[in-house]
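Beneath this line is the structure, given in structure tokens, with notes to follow.
The values are calculated or read from the model by the stated rules, or taken from the named source; none is laboratory data. Remember, it's a predicted structure, so these values are computed and weren't measured experimentally. Cβ sites come from the backbone with ideal geometry, for glycine too, and all protein chains shown count toward neighbours. To get the accessible areas, we keep the full protein, side chains included, count just its heavy atoms, and leave off ligands, DNA and RNA. Shrake-Rupley method; radii C 1.70, N 1.55, O 1.52, S 1.80 Å.
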Amino acid sequence: MSKRILILPGDGIGPEIVAEAVKVLEYLKKTHALKIRMSHGLVGGAAYDAAGHPLPEETLQLAREADAVLLGAVGGPKWEPLDIAVRPERGLLGLRAELELFANLRPALLFPQLASASTLRPEVVSGLDIMIVRELTGGIYFGQPRGIRTLPDGQREGFNTLVYKESEISRIGRVAFDIAMKRNKKVCSVDKANVLECTELWREIMTGLGREYPEVALSHMYVDNAAMQLVRAPKQFDVIVTTNMFGDILSDCAAMLTGSIGMLPSASLDANSKGMYEPIHGSAPDIAGQGIANPLATILSVAMMLRYSLDAPECAGRIEQAVNQVLDEGLRTADIHTEGTRRVGTAEMGDAVVAALG
Ligand code: NAD
């Protein structure tokens with residue numbers, strides 16, 4: 001039976017980069033008998049303009065029915081004055097919440113051809129391959145109570161609540177351990193157990209889970225040390241698992257180790273491996289419509305989709321290999337261009353990946 005993919009291009013460079021990813025999917029469908037059906041929908045600012053809401057009911061329904069969602073990016077200055085309830089980002093948050101996408105997978109992989117793009121020395125980062133597993137639907141970003149209140153003395157006080165249930169900790173832990181089993185069998189759980197009781201429980205649950213995965217080497221690290229180690233010796237990490245807020249910060253830090261935001265994919269999964277796949281970057285309004293955006297993060301998001309939601313690891317590997325090949329051939333979009341390489345636009349890069357798929 002064919003799998004259903006919902007394509008949501010979104011705003012800014014979203015439609016340009018998603019078009020290249022769709023070319024890759026169409027090609028694999030035609031030549032590698034990939035059994036997929038694609039439908040298209042509106043999300044973000046584009047959906048607000050057309051339907052008055054960043055996540056129209058029709059899009060949500062299509063997303064519920066799909067096996068996987070491919071999203072470009074949402075947002076842009078045009079929609080910034082809107083009320084927060086209908087800003088483009090609401091579309092994204094709404095999808096994550098409605099689909100219960102609790103596990104955010106953010107690889108930080110450095111293609112050796114781009115080692116000089118990192119701000120760190122090549123010997124520190126070359127060969128870097130980290131998977132950050134971030135809890136996405138709980139923790140301090142969602143905990144109640146929250147707000148800003150006025151105290152009896154008249155001054156205001158802001159407050160949020162960091163809260164995790166055992167079941168939330170163990171389900172994200174399992175995702176991390178399962179991924180580690182397919183990689184280098186190392187999990188580093190990042191917490192602040194010396195200060196926060198909530199992450200004391202986090203550490204206890206992770207330790208218990210570790211006993212169920214005797215082949216995986218489990219370590220624990222405080223988040224401040226993890227931030228330091230990521231820039232000091234990042235290659236020590238294989239899989240990092242952490243809370244929503246710590247993961248938010250550490251995954252951006254890890255992404256930057258690789259030098260280009262235009263190269264990094266991500267996945268957000270539910271308990272049944274249904275997922276939403278998107279590049280980590282935003283809608284880049286500064287370069288939208290110019291045909292110069294890097295489509296590789298979106299194309300690599302398709303590879304993650306094939307591996308994690310569509311059970312087609314062979315096709316996923318082919319895409320990753322094809323991206324490697326075009327980089328070997330010296331093709332570069334503007335964001336990763338260096339002297340001695342050939343500068344290409346969005347569509348030319350997409351075409352080159354398709355050609356390299358063989
Ligand atoms: P951004 O990631 O859009 O852009 C940051 C910089 O990186 C810009 O200079 C941009 O040109 C460049 N860049 C990003 N992607 C690129 C690519 N594929 N190829 C080449 N260069 C690329 O972040 P921002 O400027 O802070 O945000 C712009 C808009 O995107 C805002 O409205 C923001 O809310 C939104 N945003 C959306 C998402 C998402 O949809 N997941 C994530 C982050 C930001």
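The figures follow:
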quantity	calculated
Relative contact order (%) - the chain, alpha-carbon pairs under 8 angstrom, separation at least six	21 percent
Whole-angstrom gap from segment 184-216 to segment 303-358, using each part's C-alpha centre	36 Å
Distance cut-off 21 Å, percentage of C-alpha pairs in segment 129-257 lying past it	41 percent
Shape of segment 12-159, Cα gyration tensor, a/c cut at 1.5	oblate
Under DSSP loop assignment and at most 10 Cβ neighbours within 10 Å, longest GluC sites (Glu not before Pro)-free interval of the chain	1-214
Where Rh is the Kirkwood radius over Cα pairs, Rg/Rh for the chain	0.97
Protein accessible area in the chain, 1.4 Å probe - carbon and sulfur %	52 percent
Accessible surface, the chain, averaged per residue in Å² (probe 1.4 Å)	44 Å²
Relative contact order for segment 129-257, counting Cα pairs under 8 Å that sit 6 or more residues apart, in percent	36 percent
About the Cα centre, charge dipole magnitude for segment 129-257 (Lys/Arg +1, Asp/Glu -1 at Cβ), debye	260 debye
Selection from ILE172, VAL223, TYR141 lying farthest towards where the dipole of segment 129-257 points positive, charges on Cβ	ILE172
Accessible area of ASP224 in the full protein assembly, 1.4 Å probe (Å², nearest 10)	90 Å²
Placed amide H near MET131: partners under 5 Å, 5+ positions off or other chain	ALA108, VAL239, ILE240
Lysine pairs with alpha-carbon atoms under 13 Å apart, the chain, spacing 8 or more or separate chains	4
The chain: calculated mean residue ellipticity at 222 nm from DSSP helix runs of at least 4, using -39500 (n - 2.57)	-12500 deg cm²/dmol
